[in-house]
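Okay, so here's the structure we're looking at.
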Amino acid sequence: MKSFDIILGDITTVKADAIVNAANTTLLGGGGVDGAIHRAAGPELLTECWTLHGCATGEAKITKGYRLPAKYVIHTPGPIWQGGGHHEADLLRNSYVNSLKLAEEHGCRTVAFPSISTGVYHFPLDKASVIAVQAIHDFLAHSAHVEQVQMICFDEVTKAAYEEA
Ligand code: APR
């Protein structure tokens, strides 16, 4: 039974097969959810990230979850908002789709996302939430392994935006 749920919470506590990290192109950690995931996973996560040699915006790479309850972490750098004229919408969609493709390839049944790019990267939440919901719904319509996707919202404003979308 396929499902998409919007949940208020901290993604580092979510026991999904894979959680997605809103990373940057170095994949070497940062603030926000990236910092929280690295803190919770422990130092081995960064050690494995070093071996990945970065990741382009909209692409995705996968690592183990280490001390996290999740088996895998899928790292994807979302686009930095630059006003909307630099293919930000396509790049954000790519981050969701490529993360889901990696989860599918690794036989994940459940995947949890944060709200990619809507923090430090300033992607407008009303636009980002529509792109994310559309990409997730379209993927779930055809996925063989991925059955449950969760959007883990860190605050009420974000949660309301995804429920609206
Ligand atoms: N669980 C779930 N969501 C979280 C958590 C958490 N523990 N911590 C933060 N968030 C939310 C933020 O509130 C925001 O809604 O994740 C969303 C994405 O915000 P950022 O973490 O700032 O990510 P992003 O906007 O994609 O910017 C990425 O920030 O941390 C750096 O290294 C990262 O350079 C990269 C940039």
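Data for the structure
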read-out: Which numbered condition Leu102 fails, given (1) buried (at least 20 other Cβ atoms within 10 Å of the Cβ); (2) aliphatic (A, V, I, L, M); (3) in a helix (DSSP H, G or I); (4) within 13 Å of the ligand (Cβ to nearest atom); value: (4)
read-out: Hits in segment 141-165 - residues which are within 16 Å of the ligand (Cβ to nearest atom) and either modelled with pLDDT under 95 or in a loop (DSSP other than H, G, I, E, B) (or both); value: Phe154, Asp155, Ala165
read-out: Tally, over segment 17-62, of residues that are hydrophobic (A, V, I, L, M, F, W, C) and assigned to a loop (DSSP other than H, G, I, E, B); value: 6
read-out: Index of the failed condition, Pro114 passing every other in (1) within 16 Å of the ligand (Cβ to nearest atom); (2) surrounded by fewer than 22 Cβ atoms within 10 Å (Cβ to Cβ); (3) under 21 Å from Ala70 (Cβ atoms); (4) not hydrophobic (A, V, I, L, M, F, W, C); value: (2)
read-out: Condition broken by Pro77, with the remaining ones in (1) more than 9 Å from the ligand (Cβ to nearest atom); (2) within 26 Å of Val130 (Cβ to Cβ); (3) surrounded by 22 or more Cβ atoms within 10 Å (Cβ to Cβ) satisfied; value: (1)
read-out: Neighbours by Cβ (under 8 Å, 6+ apart or cross-chain): first from segment 111-130, of a type in the set (Asp, Glu); second within 10 Å of the ligand (Cβ to nearest atom) and in a helix (DSSP H, G or I); value: Asp126/Ala161
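The values are calculated or read from the model by the stated rules, or taken from the named source; none is laboratory data. Computed from a prediction, not measured in an experiment: that's the story for all the values here. Methodologically, a virtual Cβ is constructed for each residue, glycine included, from the backbone with ideal geometry; neighbour enumeration extends over all protein chains shown.
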